[in-house]
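Okay, so here's the structure we're looking at.
The values are calculated or read from the model by the stated rules, or taken from the named source; none is laboratory data. All values reported here derive from a predicted model rather than from experimental measurement. Glycine gets a Cβ as well: all are built from the backbone with ideal geometry, and neighbour counts include every protein chain shown.
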Ligand SMILES: [Mg+2]
């Protein structure tokens, strides 16, 4: 059996696509948390791909000149999260999906290998676990690094690795850490901690754009390229 690896998965565009409920909940959560309905027109267009909820907080608090206190941040996260839960539960039929092949791959990794699975995502922790659960993947992930750990995604790799080391009593070498995601920011995040950048072209970024960034591995999806993904882990 190959050496034990640490696999850190991004969520949106990699494991699942909320189909808009995530963005709607962020916006409505912010408006409701700070009574900003009268300023809705000033709300910027948010590009969520690869970003962190923490960096969105930074940008929105600055734009609306709100004080960035722990209480204010928690107020926003808590209202955002309750909108997310309701929004996902009541989303229109056909909106949002788990991405093809993901559950089968995760099941195989959990049952047939001793690799460690974690999350590395810009979502706040409670939002991350809600999304994973709503889209039928509860129990695959017990830990990770999240958008409320640090607003800079490039700081999340070392946090996730430290948590894995502590939790499993292993010292993962950066060569054995794979960061799997759908955007250039996931690739940058892997490079920032010398982990292996594994790009998947299942999100909003085209395969050509990802290829141009020269990730260690690139998969068009995790369904038809499932075997190739497993071979990647077995190869070294
Ligand atoms: Mg993503």
Helices (runs of 4 or more DSSP H) enclosed by region 87-187 - at least 1 residues per element that are within 16 Å of the ligand (Cβ to nearest atom) and in contact with a helix residue (DSSP H, G or I) (Cβ under 6 Å, 6 or more places away or on another chain): 125-134, 156-168
Of the criteria (1) away from the ligand (no atom under 16 Å from the Cβ); (2) assigned to a loop (DSSP other than H, G, I, E, B); (3) in contact (Cβ under 8 Å) with a residue 24 or more places away in the chain, which one residue 51 fails: (1)
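Residue by residue, here is whether (1) modelled with pLDDT of 95 or more; (2) closer than 25 Å to residue 203 by Cα; (3) more than 16 Å from the ligand (Cβ to nearest atom) holds:
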site: 1; (1), (2), (3): no, no, yes
site: 14; (1), (2), (3): yes, yes, no
site: 28; (1), (2), (3): no, yes, yes
site: 39; (1), (2), (3): no, no, yes
site: 66; (1), (2), (3): no, no, yes
Residue 18 being in contact with a strand residue (DSSP E or B) (Cβ under 6 Å, 6 or more places away or on another chain) and either within 16 Å of the ligand (Cβ to nearest atom) or not assigned by TED's automatic domain parsing to the domain that holds residue 101 (or both): no
So residue 214, is it assigned to a loop (DSSP other than H, G, I, E, B) and within 19 Å of residue 160 (Cβ to Cβ): no
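Listed here are the residues, each with its yes/no results for (1) within 30 Å of residue 137 (Cβ to Cβ); (2) assigned to a helix (DSSP H, G or I).
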| position | (1), (2) |
| --- | --- |
| 14 | yes, no |
| 24 | yes, yes |
| 27 | yes, yes |
| 35 | no, no |
| 45 | yes, no |
| 57 | yes, yes |
Pairs with Cβ under 6 Å, 6+ apart, first in region 188-217 and more than 15 Å from residue 153 (Cβ to Cβ) and at pLDDT 95 or above, second more than 16 Å from the ligand (Cβ to nearest atom) and assigned to a helix (DSSP H, G or I): 194/174; 217/232
Residue in region 190-203 that is within 14 Å of the chain's Cα centre (by Cα), crowded, with 16+ Cβ neighbours inside 10 Å, within 15 Å of the ligand (Cβ to nearest atom) and part of a helix (DSSP H, G or I) present: yes
